[in-house]
Amino acid sequence: MHTRTKLELSDFGRKLGGPTGIGELMHDLGAALAINPQLLMMGGGNPARIPAMEAVWRQRMSDLLAQGDAFERMLAHYDQPCGSPDFIAALVQCLNRRFGWHLTARNVCVTNGSQNSFFYLFNLLAGRTGARHRKILLPLSPEYIGYAEQGLADDLFVSCRPLIEDQDARTFKYRIDFDALPLGEDLAAICVSRPTNPTGNVLTDAEMRHLSALAKERGLFFLVDGAYGAPFPDIIFSDVEPFWDEHIILTLSLSKLGLPGTRNGIVIAREDVIETLGAINAVVSLANGNLGQALVAPLLRNGELLRLGREVIRPFYEQRARQAMGWLHEALDGRVDYRLHAAEGALFLWLWLPGLQGTSQELYRRLKERNLLAVSGHHFFYGLHDPDWRHQHECLRLTYSQPEPIVRAGIQILADELAGR
Ligand SMILES: Cc1ncc(COP(=O)(O)O)c(C=O)c1O
């Protein structure tokens, strides 16, 4: 007799293999971009297709194909677990030249995407450590949905409510409440995304220095997620300096340069952290995808990547942000009580709907029935343990990276839904 093997999931399988916010988001994103063209994608953080950047990648690909057997060598070889030596040398040279840092190749590990980097970093720093349970402090909540389920140990994140600063009648900005930070917990690291996904907040240089000093005083690492930030892709609408120090772990990504399909993230950190990451990479992945590294390396070497960020990518998104905000104000003003977070970078608008009927997750479902994908804000408030804070269920994240007609039509559907039409 044949009995069907029962899938009895381990704790790991249950935690990562069950329903998650990031899983729902990526599922929606894939459906909208690859399967169902009716769906208007204002959900996940897929970067825009920027013609000038696509031309650069096409040219790089044909250069690679024309360059002897460079293409075959790239396809046929596993790289070292920390990444391609040529790419790492080009990155180190570029960062040292631009910022006066003193990095060597031993300060860099490439991964299969920043999502991967954070899975490794959170779990190598925090969780069960002998008899202790160490945590990651997120000083500003809401914070990136993609971290929420990455801890192998439960309860990996701790956070606190932000301060809400009014900038004008329709614009607000979250600020870190430094007096309320739960620094007493058994912490391993402080972590921020800059610009912040989901809000488009850019922590100021002063806030960053303050956090860095707090971390250093307490012997903690300071994780800075620059997936959208400086020095590339530079989707920050003001000039801020990236900085690096022994206790800072700076992560970058090739995705928002327009290369999410190549799956490459970069970690810049102290040598012992990098060695550990390389060892984990070998166990989990053997090596990294090397196409993205091969496409990007020459543009790091000649400084072109930083120029493209500053002169092409940043202005593209800044113009898109302003346009989408204009459309939102036009569609919502006088019809709905709403506020927008200051759009200082990244690809998102963060809409706060004070007094929203029902929850943002219910609104997400109703919008999806009308073929509009957004992301319910509640997913971004993990680590808070603050069930009475209604604000967590009154926000929506909208991505404005897709073509203009999609964004415009999506905003109209949102406005109609909120106005009960
Ligand atoms: C803040 C942040 N960090 C990390 C990632 C992961 O990016 P990737 O794995 O594509 O490098 C994302 C993706 O959108 C993100 O928004």
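The values are calculated or read from the model by the stated rules, or taken from the named source; none is laboratory data. In this text the structure is predicted, and so the values were computed from the model without any measurement. Every residue, glycine among them, receives a Cβ derived from its backbone with ideal geometry; neighbour counts consider all protein chains shown.
Please verify whether residue 301 is basic (Lys, Arg), over 19 Å from the mean Cα position of the chain (by Cα) and modelled with pLDDT of 95 or more, treating the condition exactly as stated. Can you show your working first?
On the way: basic (Lys, Arg): yes; over 19 Å from the mean Cα position of the chain (by Cα): yes; modelled with pLDDT of 95 or more: yes.
Answer is yes for this residue.
Any residue that is more than 23 Å from residue 119 (Cβ to Cβ) and acidic (Asp, Glu) - is there at least one of those in the stretch 174-195?
Yes, some residue in the stretch 174-195 is more than 23 Å from residue 119 (Cβ to Cβ) and acidic (Asp, Glu).
Looking at residue 278, is it within 22 Å of residue 113 (Cα to Cα), within 16 Å of the ligand (Cβ to nearest atom) and among the small types (Gly, Ala, Ser)?
No.
Considering only residues that are in a helix (DSSP H, G or I) and within 10 Å of the ligand (Cβ to nearest atom), look in the stretch 258-275 and name the one that is farthest from residue 95 (Cα to Cα).
261
Please verify whether the stretch 71-88 includes one or more residues that are touching a residue at least 40 places away in the same chain (Cβ under 8 Å), out of contact with any helix residue (DSSP H, G or I) (no Cβ under 9 Å at 6 or more places or on another chain) and farther than 23 Å from residue 267 by Cβ.
To start, the set of residues in the stretch 71-88 that are touching a residue at least 40 places away in the same chain (Cβ under 8 Å) comprises 74, 77-84, 86-87.
Checking which are out of contact with any helix residue (DSSP H, G or I) (no Cβ under 9 Å at 6 or more places or on another chain) leaves us with 77-78.
Of the ones still in play, those that are also farther than 23 Å from residue 267 by Cβ are none.
No, that holds for no residue.
Is there a residue being more than 17 Å from residue 45 (Cα to Cα) and buried (at least 21 other Cβ atoms within 10 Å of the Cβ) anywhere in the stretch 313-322?
Checked the stretch 313-322: no residue is more than 17 Å from residue 45 (Cα to Cα) and buried (at least 21 other Cβ atoms within 10 Å of the Cβ).
Touching a Leu at 6+ places or on another chain (Cβ under 9 Å) and on the phi < 0 side of the Ramachandran plot: is that true of residue 169 in this structure?
Spelling it out, it is not the case that residue 169 is touching a Leu at 6+ places or on another chain (Cβ under 9 Å) and on the phi < 0 side of the Ramachandran plot.
Of the conditions (1) closer than 22 Å to residue 311 by Cα; (2) surrounded by fewer than 22 Cβ atoms within 10 Å (Cβ to Cβ), residue 202 satisfies every one except a single condition; which number is it?
Failed condition: (2).
Of all the residues that make up the stretch 257-267, how many are touching a residue at least 60 places away in the same chain (Cβ under 8 Å) and surrounded by fewer than 19 Cβ atoms within 10 Å (Cβ to Cβ)?
Counting residues in the stretch 257-267 that are touching a residue at least 60 places away in the same chain (Cβ under 8 Å) and surrounded by fewer than 19 Cβ atoms within 10 Å (Cβ to Cβ) gives 1.
When you check residue 409 against the structure, is it over 30 Å from residue 136 (Cα atoms) and small (Gly, Ala, Ser), yes or no? Explain how you work it out, then say what you get.
Details: over 30 Å from residue 136 (Cα atoms): yes; small (Gly, Ala, Ser): yes.
Yes: the conditions hold for residue 409.
Could you list, in sequence order, the residues of the stretch 10-30 that are within 20 Å of the chain's Cα centre (by Cα) and either basic (Lys, Arg) or not in a loop (DSSP other than H, G, I, E, B) (or both)?
16, 21, 22, 23, 24, 25, 26, 27, 28, 29, 30, listed by residue number.
Could you tell me whether residue 304 is under 24 Å from residue 221 (Cα atoms) and exposed (fewer than 15 other Cβ atoms within 10 Å of the Cβ)?
So residue 304 fails the test.
From the list 296, 312, which residue is at pLDDT 95 or above and within 16 Å of the ligand (Cβ to nearest atom)? I'd like the intermediate steps shown before the answer.
Numbers: 312 fails: within 16 Å of the ligand (Cβ to nearest atom).
Of 296, 312, the one residue that is at pLDDT 95 or above and within 16 Å of the ligand (Cβ to nearest atom) is 296.
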